[in-house]
1. So for the chain, taking the charge dipole from beta-carbon charges (+1 Lys/Arg, -1 Asp/Glu), which of 166, 249, 32 sits furthest toward the positive end?
2. Just report the Cα centroid separation between the stretch 114-131 and the stretch 187-260, whole Å.
3. Calculate the dipole size of the stretch 123-226 relative to its Cα centre from +1 charges on Lys and Arg beta carbons and -1 charges on Asp and Glu beta carbons; express the result in debye to the nearest 20.
4. Would you kindly state how much longer the chain becomes between residue 100 and residue 161 on full extension, computed as 0.36 nm times their sequence separation minus their alpha carbon distance, in nm to one decimal?
5. Report the antiparallel proportion of the DSSP beta bridges in the chain as a percent, rounded to a multiple of 5.
6. Using 26 Å as the Cα-Cα cut-off, could you pick out the over-long pairs in 61/237; 207/242; 105/272; 61/240; 207/237; 54/98?
7. Give me the dipole magnitude in Debye, nearest 20, for the stretch 33-280 about the Cα centre, with unit charges on the beta carbon: positive for Lys and Arg, negative for Asp and Glu.
8. Among 52, 115, 26, rank each residue by its count of other Cβ atoms within 10 Å, from fewest to most, as a rough exposure measure.
Amino acid sequence: MMENDEGMTTREAKVNEQHHPMDRLLRQDRLPHIWCPGCGLGTALNCFLDALIKSRLDPDKVAVVSGIGCSGRVAGYVAMDSFHTTHGRAIPFATGLKLANPALKVVVFSGDGDLIAIGGNHFIHAARRNMDLTVICVNNFIYGMTGGQLGPTTPTEARTSTSPAGNRDHPFNLAYLAAASGAAYVARWTTLHVRRLERAFTEALLKPGFSFVEVISPCPTLYGRLNKQKSGLEQMKYYKEKSIIRHGADPRQADIALHGQIIVGKFVDLDKPSYLQLQRG
């Protein structure tokens, strides 16, 4: 087989010309990413981009908004209109985008600390209004970027850099919080459940109103190291052993305890008028 000037065969050159379907959706100049080995954010981003392709939404009409934290880096990696906003304010920025340009599909992709701690009030009111947003919360039970501090989803008894003797506060159950606040779609999966997570993202992207997907994700560097799960693989084994799929389960029964079971599935899928539909009358 003939070689070209670079020493590649014709077949190798053809393979080299073929691009991965997700290449056009990523800012290649920003890669490689900054996430730690074993982190689940790469898997979550991959599932999101695959869901975006399968949803057939036009990427030029999709905006991704994030806050501060490890998950917030997603907005910088996607080759779409994206906004890396101030801490806890991703949902207000996203709401403004949607109201100013209703033709946009606006996605909020951020972490548990950003969305539920400092941004918690925005979260519940956007869900209450059934605002036309898809909110993806990557929940690693900790503040991963700033030193491993206690967060609003840290399980009781779990150790963090600010709770070395174990957390004494009861954490938020995010699925229940979203459902109780009025979300039209609520699902939870771990980064082990790749195909199911991808399907949930696709459904959430196509759902009118406020759709919410919680992604339980490993943080081996901080949460795992302090809680006897020293690698991403150990945390994935935990997900495999402890995850229980219960579609339609009452979200009130979906609390997550330290090393306890994780109830996953699609909990809420309602047809109800979205905020913009109500405003149009």
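1. 249
2. Value for the Cα centre distance between the two parts: 20 Å.
3. That gives the stretch 123-226 a dipole magnitude of about 80 debye.
4. Extending this stretch completely gives an extra 17.8 nm.
5. Percent antiparallel among DSSP bridges in the chain is about 20.
6. 61/237; 207/242; 61/240; 207/237
7. That gives a dipole near 220 debye.
8. So the ranking, lowest neighbour count to highest, is 26, 52, 115.
Readers should treat all values here as calculations from the given coordinates under stated rules, not as data from a laboratory. Since this is a predicted model, take the numbers as computed values, not measurements. Every residue, glycine as well, gets a Cβ built from its backbone with ideal geometry; the counts of neighbours run over all protein chains shown.
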